[in-house]
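The structure appears right after this line, and notes come after that.
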Amino acid sequence: MKYKKVFITGGAGFVGSNIALNLKRDYSALEIVVLDNLVRKGSELNLPRLRAEGISFIKGDVRNLEDIQSVRGFDLLIECSAEPSVSAGYTTSPKYVVDTNLFGAINCLEACRTEKADFIFLSTSRVYPIEALSVLPLKEDDLRFDIDSSRLSAGLSAKGISEQFPLSGYRSFYGASKLSAEMFIEEYAKAYGLSTVIDRFGVIAGPWQMGKIDQGVITLWAAYHYFKKNLKYIGFNGKQVRDVLHIQDAYSLIKSQLEDISKYQGGIYNVGGGLENSVSLRQLTGLCQKITGNTLNIQTDDQARFADIPYYVTDYSKLENLCRFRPKFSIEKTVSDIFEWIRDNEDVLKNILL
Ligand SMILES: NC(=O)c1ccc[n+]([C@@H]2O[C@H](COP(=O)([O-])OP(=O)(O)OC[C@H]3O[C@@H](n4cnc5c(N)ncnc54)[C@H](O)[C@@H]3O)[C@@H](O)[C@H]2O)c1
């Protein structure tokens, strides 16, 4: 592995901290610096975990170029900071989500330009437009939606959504800020010869995700089952489907990108758990019941939440063809790992997850 010093923005968050800790375990000589403004409730819990492994932490904000430029001498930046909620900016101003996700990413690119560092960007499946995803050809049974494979179209196969899916239409401030950042990444790569990789992740889940009502649904569902709190299916009668990628599978991909960035550079990749690790909320309820033994009385609200979609499953064929990417962790394992983490940290987590 060629890198000597890795800078992880948003590195106290779920994905950033997991990447930092895994990298330190796999490459003990690697210097890792993490920057985060700790806006995400619960991200402060990761600071002692990072410190214990010798990972440096800087309290800073990606919206301030000086904060990012205070870190020098890195040869790779992994941009994991974000306002990651698809509903961000709708009831108030979109300024925070745009300033962080777009201008923050551009600040990171600026730092990479001056440091001549490589850049890996955590993008999202939410770059694909909401309206097009809302009218996918679906069939339904008692538990979930599935693709009607007799009515496929560009970017839509029986496996799910690929990089070929059309991009026109509104997509939420979150999705738009990420897609705009992707465009600037391509500009920086072309103009300054930066090595860049864009990974469009679907739902990532696992221990240390501080799930909340508008982001981190797998943890939220697990926590409410564990603590026996009421839940509600909001829209789609609980049949909405997502594929889920275990954080360790996300890390394994990032690790292979560090090992050989030339193979991935300049590319945009859909990454997710795939059809084999997809669940509806109703199926997730079944899994949570099986693991905890707790059965909740779950109400149904017919009115879908703004920007919610009935179905998103990642077609990761492009990555599979490139590097034999294939998730190793099943959805059952992901959910049981989350329960184990909640049980081991029950006292502190009940103040954060409920
Ligand atoms: N978790 C998922 O399911 C998922 C799916 C697709 C893409 N992603 C992307 O992965 C990345 C990491 O997401 P996550 O799940 O770890 O979210 P997270 O909220 O746990 O982590 C993001 C971190 O960024 C920090 N942050 C927010 N605004 C900041 C700012 N202005 N300056 C500095 N730090 C700031 C937060 O405090 C938090 O610690 C994001 O870019 C997100 O869009 C996540």
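The values are calculated or read from the model by the stated rules, or taken from the named source; none is laboratory data. Quick caveat: nothing in here was measured; it's all calculated off a predicted structure. Note that each Cβ is placed from the backbone with ideal geometry, even for glycine, and that neighbours are counted across all protein chains shown. Surface areas here come from the heavy atoms of the whole protein model, side chains and all, with no ligands, DNA or RNA. Shrake-Rupley method; radii C 1.70, N 1.55, O 1.52, S 1.80 Å.
Values for this structure:
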| read-out | value |
| --- | --- |
| Count of residues meeting criterion [over 20 Å from Leu179 (Cβ atoms) and either surrounded by 19 or more Cβ atoms within 10 Å (Cβ to Cβ) or in contact with a strand residue (DSSP E or B) (Cβ under 9 Å, 6 or more places away or on another chain) (or both)] in the stretch 48-65 | 11 |
| Cβ-Cβ under 9 Å pairs, at least 6 apart or on other chains, the stretch 114-128 side within 16 Å of Leu102 (Cα to Cα) and free of Cβ contacts under 8 Å to residues at least 60 places away in the same chain, far side within 12 Å of the ligand (Cβ to nearest atom) and in a strand (DSSP E or B) | Arg126/Arg200; Arg126/Tyr312 |
| Positions within the stretch 1-24 being modelled with pLDDT under 95 and part of a strand (DSSP E or B), in sequence order | none |
| Elements of type strands (runs of 3 or more DSSP E) in the stretch 66-182, at least 1 residues being surrounded by fewer than 22 Cβ atoms within 10 Å (Cβ to Cβ) | 138-140, 145-147 |
| When residues of the stretch 1-24 are limited to those that are aliphatic (A, V, I, L, M) and open to solvent by 10 Å² or more (accessible area, probe 1.4 Å), the one farthest from the ligand (Cβ to nearest atom) | Met1 |
| Index of the failed condition, Thr292 passing every other in (1) hydroxyl-bearing (Ser, Thr, Tyr); (2) open to solvent by 10 Å² or more (accessible area, probe 1.4 Å); (3) under 17 Å from the mean Cα position of the chain (by Cα) | (3) |
| For Ser157: the one exception among (1) within 16 Å of Tyr188 (Cα to Cα); (2) of a type in the set (S, T, N, Q); (3) away from the ligand (no atom under 15 Å from the Cβ) | (1) |
| Which numbered condition Ile58 fails, given (1) more than 12 Å from the ligand (Cβ to nearest atom); (2) more than 22 Å from Asp199 (Cα to Cα); (3) not charged (D, E, K, R) | (1) |
| Conditions (1) within 12 Å of the ligand (Cβ to nearest atom); (2) under 27 Å from Gly267 (Cβ atoms): number failed by Lys116 | (1) |
| Whichever residue in the stretch 205-249 is more than 16 Å from the ligand (Cβ to nearest atom) and at positive phi and, among such residues, is most open to solvent (accessible area, probe 1.4 Å) | Lys228 |
| Any chance Leu76 is over 22 Å from Leu179 (Cβ atoms) and within 15 Å of the ligand (Cβ to nearest atom) | no |
| Close pairs from the stretch 71-93: first over 22 Å from Ile185 (Cβ atoms), partner more than 10 Å from the ligand (Cβ to nearest atom) and in a loop (DSSP other than H, G, I, E, B), Cβ under 8 Å, at least 6 apart | Ser87/Asp214; Ser87/Arg305; Ser87/Phe306; Ser87/Ala307; Tyr90/Phe306; Tyr90/Ala307 |
| Residues that are open to solvent by 70 Å² or more (accessible area, probe 1.4 Å), more than 8 Å from the ligand (Cβ to nearest atom) and either assigned to a strand (DSSP E or B) or not charged (D, E, K, R) (or both), drawn from the stretch 25-47 | Ser28, Ala29, Glu31 |
| Residues located in the stretch 183-210, provided they are in a helix (DSSP H, G or I) and of a type in the set (Gly, Ala, Ser) | Ala189, Ala191 |
| Complete set of residues in the stretch 311-352 that are open to solvent by 80 Å² or more (accessible area, probe 1.4 Å), over 29 Å from Ala223 (Cα atoms) and either part of a loop (DSSP other than H, G, I, E, B) or in contact (Cβ under 8 Å) with a residue 40 or more places away in the chain (or both) | Lys318, Arg324 |
| Count of residues meeting criterion [under 19 Å from Thr314 (Cα atoms) and crowded, with 19+ Cβ neighbours inside 10 Å] in the stretch 258-281 | 12 |
